[in-house]
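The values are calculated or read from the model by the stated rules, or taken from the named source; none is laboratory data. If you're wondering where the values come from, they're calculated on a predicted model, not measured in any experiment. For neighbour counting, all protein chains shown are included, and Cβ atoms are generated from backbone atoms with ideal geometry for every residue, glycine included. Ligands, DNA and RNA are stripped out before the accessible areas are found, and what is left, the full protein with its side chains, is counted by its heavy atoms. Shrake-Rupley method; radii C 1.70, N 1.55, O 1.52, S 1.80 Å.
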Amino acid sequence: MFPHPDWGAQAGDYASDYRPSQGLKPMRWDIEIRADQPGSEVRVSWQGDPRILARSRITDRASGRTYRATDPRLANGLAVFMADKVQRLTWRYLGGLGKP
């Protein structure tokens with residue numbers, strides 16, 4: 001889910017959040033993974049323009065660990081252990097298209 005309490009009349013939790021990277025501006029997306037029963041593992045994966053992915057980072061908000069979207073170890077996605085019913089990630093696009 002993509003929670004958007006800040007979207008006024010359209011505020012809510014969305015199953016998808018497609019927004020352009022708006023050129024060179026840094027942006028962020030908060031993501032919630034929800035499960036009825038904690039204790040399982042899910043895999044989060046992504047695809048996109050390699051130039052955008054090279055400038056993107058994913059942070060597991062529970063552990064504070066940050067990953068590069070282009071890390072070869074994440075070629076099959078990021079494994080997320082559902083320690084609770086909700087696990088939160090943040091996707092950050094750093095902006096620009098230079099070297100990450």
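Around ARG65, what is the net charge, scoring Lys/Arg as +1 and Asp/Glu as -1 over all other residues with Cβ under 12 Å from its Cβ? Could the numbers behind the result be given before it?
On the way: positive: ARG57, ARG61, ARG68; negative: ASP60, ASP71.
Around ARG65, the surrounding residues sum to +1.
Find the relative contact order for the chain and round it to a whole percent, using C-alpha pairs within less than 8 Å whose residues are 6+ positions apart. Before the final figure, lay out each step's value.
Numbers: 175 pairs, mean separation 36.5, N = 100.
Reported as a whole number, the value is 36 percent.
Gain in length, ARG34 to TRP7, computed as 0.36 nm per residue apart minus the alpha-carbon separation, to one decimal in nm? Spell out each step's value before the answer.
Working: separation 27, 0.36 × 27 = 9.72 nm, distance 2.09 nm.
Between ARG34 and TRP7, full extension yields 7.6 nm more.
By how many nm would the segment from ALA62 to ARG43 lengthen if fully extended, with 0.36 nm per residue of separation less the alpha-carbon distance?
Values: separation 19, 0.36 × 19 = 6.84 nm, distance 1.58 nm.
Here the segment from ALA62 to ARG43 would lengthen by 5.3 nm.
Please work out how much accessible surface TYR14 shows to a 1.4 Å probe, ignoring ligands, DNA and RNA, in Å² rounded to 10.
Looks like 70 Å² after rounding.
For the chain, what is the charge dipole size about the Cα centre, in debye to the nearest 20, if Lys and Arg each add +1 at the Cβ and Asp and Glu each add -1 at the Cβ? Show your work: numbers first, answer last.
Values: 16 positive and 11 negative charges, 116 e Å.
The calculated dipole for the chain is roughly 560 debye.
Accessible surface of SER63 in the full protein assembly, 1.4 angstrom probe, to the nearest 10 Å²?
80
Per the helix-only calculation at 222 nm, which mean residue ellipticity applies to the chain, given -39500 (n - 2.57) for every DSSP H run of n ≥ 4 and division by its residues, nearest 500 deg cm²/dmol?
Calculated at 222 nm, the ellipticity per residue is -500 deg cm²/dmol.
Tell me, what % of the accessible area of the chain is carbon and sulfur with a 1.4 angstrom probe? Each step should come with its number before you reach the end.
Working: 3410 of 6680 Å².
Using a 1.4 Å probe with all protein chains present, the chain comes out at 51 percent carbon and sulfur.
What value does the range 33-93 have for Rg/Rh, both radii from Cα atoms and Rh as Kirkwood defines it?
So for the range 33-93, dividing Rg by the Kirkwood Rh gives 0.99.
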